[in-house]
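The values are calculated or read from the model by the stated rules, or taken from the named source; none is laboratory data. All figures in this text were calculated on a predicted structure; none of them were measured in a lab. The area values use the complete protein model at the heavy-atom level, side chains included, leaving out ligands, DNA and RNA. Shrake-Rupley method; radii C 1.70, N 1.55, O 1.52, S 1.80 Å.
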Amino acid sequence: MSEHGTAPGSRDGRGRGRAPQEPADTVWRLRSRACWQEAAELLRPAAERDPAAALVRAELLIEQCLFTAAHWQQAEQALRLAEAGASTTEQRAAAACARGFLAYVASVLGQRDRLDEAQAALGRTSALLPPNAAGRPLLDFRRGLVAENLLRDPTAAWIAYRRAHEGAAEHGDALLSSSTWRHLGALALAGGDRERAREGFDNSLRLREQLGFTVGVAPALAALAGVSGPAEATRLRAEARRLVRALGGVPVWLARHLSAPPAPGTPATPTDGRIGQEAGGSIS
């Protein structure tokens, strides 16, 4: 249940189980409006006794780190609980995948360099998952993030994103598809193909709006603005800025890019200044 997790109404492509539908829908509504703390609190009782709920809660708090560049200790504690409770191969794989993602987020947002940890955890996930496992698309996507933003290897990133994109479509994971579309679009733009880039950004925005993933709409708007004409780009950036402000200044890396105020209590810039280095929000 990272930014790239499954939304209510989608087939669950994560292989990690789900909470009962009504609480899951409530968690989704809170999460999509940047209310991660409230959603995590709602999941706390179940997480203490159910490994699947603990994994969902850990992913939710890691997503909070991604959008706020803060709350690292809370995410770490939730992930340790999920790791300790994992009893099946699928749960252990999901926990390792979450571990790799937390290490990636900490590295790209400048808390500290945890590249080795990210690669080791994602490699462990791969070793645990069968070739056609439902958790493979998310693993491939996160490997693409590491390749793109930490290893600076666009070829490896493109291969990983394509696998994730195809797997997300196969498993009906629309939210993950919204992210693969955006990242494939960003790589196309870097290669000079504005038409394919616009196709990716258009589809990403459409899916996020359809799903009601409000906190993820502003990055999609900002990406689309980068391949739009001056008038449209101005409109799209203004809408992205309005959403960021309405949600309290998150994502903080996009808030800085758009010159919107950061969320209260979150750092404007980490010590090594990495946050915001990806214009338009291509870190997630």
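Protein heavy-atom accessible surface, 1.4 Å probe, per residue over region 199-258: 38 Å². For region 14-105, the solvent-accessible area with a 1.4 angstrom probe is 38 square angstrom per residue.
In region 43-147, the alpha-carbon atoms span a convex hull of 89 Å³ per residue.
Here region 85-182 has 52 percent of its accessible surface on carbon and sulfur atoms, given a 1.4 Å probe and all protein chains in place.
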